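I have placed the structure first, in the form of structure tokens, so that the comments after it can refer back to it.
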Amino acid sequence: MAKQRDPVIDSMRGIGIVLMVLGHSGFRGTDFIYLFHMALFFMLSGWLFSLRGGPVHFIKRKAVTLWLPFVLANTAFTVLNNLFLKLNILTRDERILQVPGNAVTTPVTVKDVIGRTVHWCVFDGGTQLGGAMWFIQALFQVSILYALVEFILQRLLHGADTLLPQGLFSGVLLWVGWRCRLAGWNVWGLGIAASCYCLFYLGTVLRCTTRESIPTYQRGIFAAAAFAVLLILGQLGSVGLAGNGYSGPIFLLLASLAGWVLVREVACLTAPLPCVRAVLAYLGRATMPIVILHFLSFKLVTWLGLLATGGEPYLLAAFPIYFTGGAWWLAYTAAGLVLPLAANAVYKKIKNYIIFMTIIRWQFPMSLIQLICMRTEKPSV
């Protein structure tokens with residue numbers, strides 16, 4: 001029996017993925033969004049954590065849902081590298097270096113594709129267009145480590161509650177992650193994973209402590225208070241988990257918790273609105289294609305902008321966006337959400353068609369063989 005999805009959790013994911021795309025679109029409130037938007041996903045994963053089926057089943061599931069998309073997407077971007085160079089989605093033109101945060105891209109060979117794919121398999125590096133997949137890597141590492149620690153603790157404690165020892169371990173890892181941040185060490189993304197383990201743990205704690213039956217007016221008060229806290233924190237420091245950057249361990253925890261409260265209360269307050277709830281839930285169920293494809297989708301907006309303004313073709317390679325100010329962020333956000341959703345819909349149709357045709361191909365001949373056998377079988381006397 002399929003596990004029933006929680007519409008509030010799906011809505012929270014939907015809000016989170018919109019915030020992620022907004023944060024990359026040139027939106028003026030990016031620093032505010034960065035305080036909590038990626039922490040939210042680690043906490044949501046912690047909320048949903050379950051070792052039902054055992055650690056081996058859990059690891060297999062995460063390998064399929066996290067590791068495999070990371071490897072396949074980065075490999076696909078690498079295979080398409082030379083095509084992207086011809087289309088100016090990537091560029092060898094050194095003038096791109098004058099645009100802050102950009103780099104020159106060189107052609108790849110088959111040997112390069114194979115070698116880099118091996119690196120993707122062990123989370124060593126990534127591609128520019130797949131830059132947002134640092135989160136997939138970190139979530140895989142954190143999820144597997146949390147599951148293994150949970151399994152060991154359950155055995156050692158003979159089934160007793162593991163929240164306290166997990167909390168102590170997450171505190172130690174947060175300190176390690178902070179020291180890694182100060183030292184600038186983040187090999188294989190392990191510094192990020194150490195810092196984010198505590199966020200995953202917070203999600204498991206919140207699942208055990210959150211009250212569902214809260215009056216609407218209280219939810220409004222909680223959301224407003226969380227928003228105010230985030231505004232204050234935004235004046236005191238910053239968070240950039242992609243580079244294991246944050247102003248301090250306590251700062252990270254406070255910002256993450258305030259962000260959780262804000263997003264959860266907004267999700268609950270919009271739950272009575274069927275259209276809003278449906279859109280957010282739909283986005284929440286399609287986070288993976290949006291994470292993978294939204295940077296590539298931004299290129300359509302940049303291309304149209306360059307056509308309209310007569311800009312140089314190499315500027316299409318500007319990453320993640322080229323045009324800023326005005327309502328460009330709105331166009332980038334729309335493209336970063338709609339195009340991946342459309343691609344995902346096409347992928348699902350193709351996948352379902354292939355599955356259907358495979359079933360027909362195998363079942364029809366078998367049925368025909370059975371029918372022939374029945375007709376040629378001699379009746380017993």
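If you check every pair at least six apart or on different chains, which have Cβ atoms under 9 Å apart with a residue in segment 298-313 that is under 15 Å from T91 (Cα atoms) first and a residue that is assigned to a helix (DSSP H, G or I) and among the charged types (D, E, K, R) second?
Pairs that qualify, where the first residue is under 15 Å from T91 (Cα atoms) and the partner is assigned to a helix (DSSP H, G or I) and among the charged types (D, E, K, R), are E312/R95.
Out of all the residues in segment 65-119, which are buried (at least 18 other Cβ atoms within 10 Å of the Cβ) and of a type in the set (S, T, Y)?
Of everything in segment 65-119, those that are buried (at least 18 other Cβ atoms within 10 Å of the Cβ) and of a type in the set (S, T, Y) turn out to be T75, T78, T91, T105.
Within segment 360-371, is there a residue that is at pLDDT 70 or above, under 26 Å from the mean Cα position of the chain (by Cα) and surrounded by fewer than 12 Cβ atoms within 10 Å (Cβ to Cβ)?
Step one: filter segment 360-371 for residues at pLDDT 70 or above, giving 360-361.
Filter again for under 26 Å from the mean Cα position of the chain (by Cα), leaving none.
No - not one qualifying residue is present in segment 360-371.
For I250, which of the numbered conditions (1) in a helix (DSSP H, G or I); (2) over 30 Å from L72 (Cα atoms); (3) β-branched (V, I, T); (4) in contact (Cβ under 8 Å) with a residue 24 or more places away in the chain fails to hold?
Here I250 clears every test but (4).
Which one is surrounded by the fewest Cβ atoms within 10 Å (Cβ to Cβ) among residues in segment 165-200 that are part of a loop (DSSP other than H, G, I, E, B) and not hydrophobic (A, V, I, L, M, F, W, C)? If you could, list the steps in order and put the result at the bottom.
Filtering segment 165-200 down to residues part of a loop (DSSP other than H, G, I, E, B) leaves 184-186.
Narrowing the set further to residues that are not hydrophobic (A, V, I, L, M, F, W, C) leaves 184, 186.
Working: G184: 9, N186: 18.
The qualifying residue surrounded by the fewest Cβ atoms within 10 Å (Cβ to Cβ) is G184.
Taking the options R5, R28, R61, name whichever one is among the basic types (K, R) and under 24 Å from R264 (Cβ atoms).
R5
Check Y347, Y322 and return the single one that is hydroxyl-bearing (S, T, Y) and under 22 Å from T91 (Cα atoms).
From the options Y347, Y322, the qualifying one is Y322.
For segment 24-78, name all the residues that are among the small types (G, A, S) and under 20 Å from L202 (Cα atoms).
Within segment 24-78, A39, S45, G46, S50 qualify.
For segment 274-311, give me each residue that is over 13 Å from Y322 (Cβ atoms) and among the charged types (D, E, K, R).
If the condition is that a residue be over 13 Å from Y322 (Cβ atoms) and among the charged types (D, E, K, R), then R277, R285 are the ones that fit.
Please identify the pairs in which a residue from segment 271-289 that is closer than 17 Å to A345 by Cβ has its Cβ atom under 8 Å from the Cβ atom of a residue that is among the basic types (K, R) and in a helix (DSSP H, G or I), counting only partners at least 6 apart or on another chain.
L283/R13; G284/R13; R285/R13; T287/R13
For residues that are within 30 Å of W188 (Cα to Cα) and either buried (at least 17 other Cβ atoms within 10 Å of the Cβ) or not β-branched (V, I, T) (or both), tally how many sit in segment 224-262.
Residues in segment 224-262 being within 30 Å of W188 (Cα to Cα) and either buried (at least 17 other Cβ atoms within 10 Å of the Cβ) or not β-branched (V, I, T) (or both): 26 in total.
Whether any residue in segment 205-215 is within 19 Å of G46 (Cα to Cα), polar (S, T, N, Q), in a helix (DSSP H, G or I) and at pLDDT 95 or above is what I want to check.
No - not one qualifying residue is present in segment 205-215.
Among T216, T209, which is the only one that is surrounded by fewer than 19 Cβ atoms within 10 Å (Cβ to Cβ), without any contact (Cβ under 8 Å) to a residue 24 or more places away in the chain and not charged (D, E, K, R)? I'd like the intermediate steps shown before the answer.
Numbers: T216 fails: without any contact (Cβ under 8 Å) to a residue 24 or more places away in the chain.
When all the criteria are applied, what remains is T209.
If V346 meets every condition in (1) modelled with pLDDT under 95; (2) farther than 28 Å from T127 by Cβ apart from one, which number is that one?
(2)
Return a yes/no flag: does segment 315-322 have any residue that is outside any helix (DSSP H, G or I), out of contact with any strand residue (DSSP E or B) (no Cβ under 9 Å at 6 or more places or on another chain) and of a type in the set (S, T, Y).
So far as segment 315-322 goes, yes, one or more of its residues are outside any helix (DSSP H, G or I), out of contact with any strand residue (DSSP E or B) (no Cβ under 9 Å at 6 or more places or on another chain) and of a type in the set (S, T, Y).
Condition first: surrounded by 21 or more Cβ atoms within 10 Å (Cβ to Cβ) and over 30 Å from V118 (Cβ atoms). Can you find one or more residues in segment 47-56 that meet it?
There is at least one residue in segment 47-56 that is surrounded by 21 or more Cβ atoms within 10 Å (Cβ to Cβ) and over 30 Å from V118 (Cβ atoms).
For (1) more than 18 Å from the chain's Cα centre (by Cα); (2) among the small types (G, A, S), each residue gets a yes or a no:
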residue	(1), (2)
L40	no, no
W47	no, no
S50	yes, yes
K60	yes, no
V71	no, no
L80	yes, no
L90	yes, no
R95	yes, no
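The values are calculated or read from the model by the stated rules, or taken from the named source; none is laboratory data. If you're wondering where the values come from, they're calculated on a predicted model, not measured in any experiment. Every residue, glycine among them, receives a Cβ derived from its backbone with ideal geometry; neighbour counts consider all protein chains shown.
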